Amino acid sequence: MRPIKLTVSAFGPYAGKTVLDLDKLGENGLYLITGDTGAGKTTIFDAITYALYGEASGDNREPSMFRSKYAEATTPTEVELVFSYAGKTYTVKRNPEYERPKSRGEGFTTQKAEVQLKYPDGRVVTKQRDVDNAIRDIMGINRSQFLQIAMIAQGDFLKLLLAPT
């Protein structure tokens, strides 16, 4: 899997819509994300993992924690990942459940978690279970396998070095 473009909105420290054009990093497949503490490195891992699997990249964060505390109340919380696998391009978009202003009247309402997977042929799947199964079928791995082989998050390199075969 090669990430092409990651778009986050009101996600983690990213208050507005932020687009990361990962295609500019090249096609070699190995990327190092560095920066100061609090710069949003782990959020990038979380966003990619959440887009694909509906969960954070670490076990100490829940999707309910993804809503940016810096975002305007009207800014939607969502992640969209465009990725290629086996020469085909897919787009997956997810939003966690969060509180948003009501469309009519005053106060807030709960925006339900939603997901959408767009296949290369234009077909769209929107049921969470179907998207989760499709991602596992496309990638050939589950979230824990993905975290072990595709993303080594901050602090997890030692686990990789000490892991059994």
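Every read-out reported here was derived from the displayed coordinates using simple, explicitly stated rules and does not represent laboratory data. These numbers were taken from a predicted model, which means no experiment stands behind them. Note that each Cβ is placed from the backbone with ideal geometry, even for glycine, and that neighbours are counted across all protein chains shown.
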Counting only Cα, what are the radius of gyration and maximum Cα-Cα distance Dmax of the chain, in Å?
16.2, 58
May I ask which residue of 4, 133, 65 lies farthest towards the positive end of the charge dipole of the chain, with charges of +1 (Lys, Arg) and -1 (Asp, Glu) on Cβ and the Cα centre as origin?
133
Under a plain spin-label model, where a point goes 7 Å from the Cα along Cα-to-Cβ, how far apart in nm are residue 34 and residue 148?
2.9
Taking Cα atoms, the helix 128-139 axis meets the longest principal axis of the chain at an angle in degrees (rounded to 10) of 20
Coil-residue trypsin sites (Lys or Arg not before Pro) of segment 20-116, DSSP, other Cβ within 10 Å capped at 11
69, 102, 104, 112
In whole percent, what relative contact order does segment 2-162 give with Cα contacts below 8 Å and a gap of six or more residues?
21
Ranked on Cβ counts within 10 Å of their own Cβ, fewest leading, 92, 19, 125 go 19, 125, 92
Can you sort 55, 99 so the residue with the fewest Cβ neighbours within 10 Å comes first?
99, 55
Helix 41-53 vs. the chain, principal-axis angle (Cα, 0 to 90°, nearest 10)
90
Label residue 2 and residue 72 with points 7 Å out from Cα along Cα→Cβ: what is the distance between them in nm?
3.7
Need the full-extension length gain, residue 162 to residue 102, defined as separation in residues times 0.36 nm minus the C-alpha distance. One decimal, nm.
16.6 nm
Using just the helices of the chain, give the 222 nm mean residue ellipticity in deg cm²/dmol: DSSP H runs with n ≥ 4 each add -39,500 (n - 2.57), and the total is spread over all residues, rounded to 500.
-6500 deg cm²/dmol
Which of 137, 46 has the fewest other C-beta atoms within 10 Å, and how do the rest follow up to the most?
137, 46
